[in-house]
Amino acid sequence: MRVVHAGLADQYAAEVIAAADLGVTITTDGRSVRVIPALEHGTGFKIPGPSTLERASGWRITNPVSEAATLRLSDSLNMGWTRQLLTILKSWRDNTGKMLEIGIHSGN
């Protein structure tokens with residue numbers, strides 16, 4: 001990411017460029033674009049993500065086409081509530097700067 005940040009900083013010297021652990025954010029004219037590295041992986045991509053016990057490498061696999069289809073199916077099965085819930089969660093994140101931690105708790 002340091003190499004990507006340095007290359008973009010040279011090209012967009014007058015713009016605001018912030019380096020994050022998982023990508024580079026370029027802000028210009030009040031708009032921000034986050035650039036992250038991606039490697040082709042089957043019909044999807046590998047993108048950086050936090051290391052976990054299940055994924056020690058720090059790379060996660062994503063498939064935007066499949067994920068969008070799953071979202072549309074869930075939304076149609078739940079009378080539009082899926083997209084409404086996502087809108088609420090994104091609004092919360094954007095206005096508080098914090099992600100909600102949602103977990104399943106057993107009655108123990």
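The values are calculated or read from the model by the stated rules, or taken from the named source; none is laboratory data. Computed from a predicted structure; not experimentally measured. Using ideal geometry, Cβ is built from the backbone for each residue, glycine included, and neighbour counts are taken over all protein chains shown.
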TODO: Go through the range 40-66 residue by residue and tally those that are loosely packed, with under 11 Cβ neighbours inside 10 Å and modelled with pLDDT of 90 or more.
DONE: 5
Task: Leading residue by the ranking (nearest to the chain's Cα centre (by Cα)) among those in the range 55-88 that are polar (S, T, N, Q) and over 21 Å from residue 99 (Cβ atoms) - done: 63
- [ ] Find all pairs meeting these conditions: Cβ atoms under 8 angstrom apart; at least six residues apart or on different chains; first residue within the range 84-106 and within 18 Å of residue 74 (Cα to Cα) and assigned to a helix (DSSP H, G or I); second residue modelled with pLDDT under 90 and not polar (S, T, N, Q).
- [x] 89/100
TODO: Determine whether residue 18 is more than 21 Å from residue 60 (Cα to Cα) and either modelled with pLDDT of 65 or more or part of a helix (DSSP H, G or I) (or both).
DONE: no
- [ ] Could you figure out which of (1) in a loop (DSSP other than H, G, I, E, B); (2) modelled with pLDDT of 75 or more; (3) exposed (fewer than 12 other Cβ atoms within 10 Å of the Cβ); (4) of a type outside the set (Lys, Arg) isn't true of residue 37?
- [x] (3)
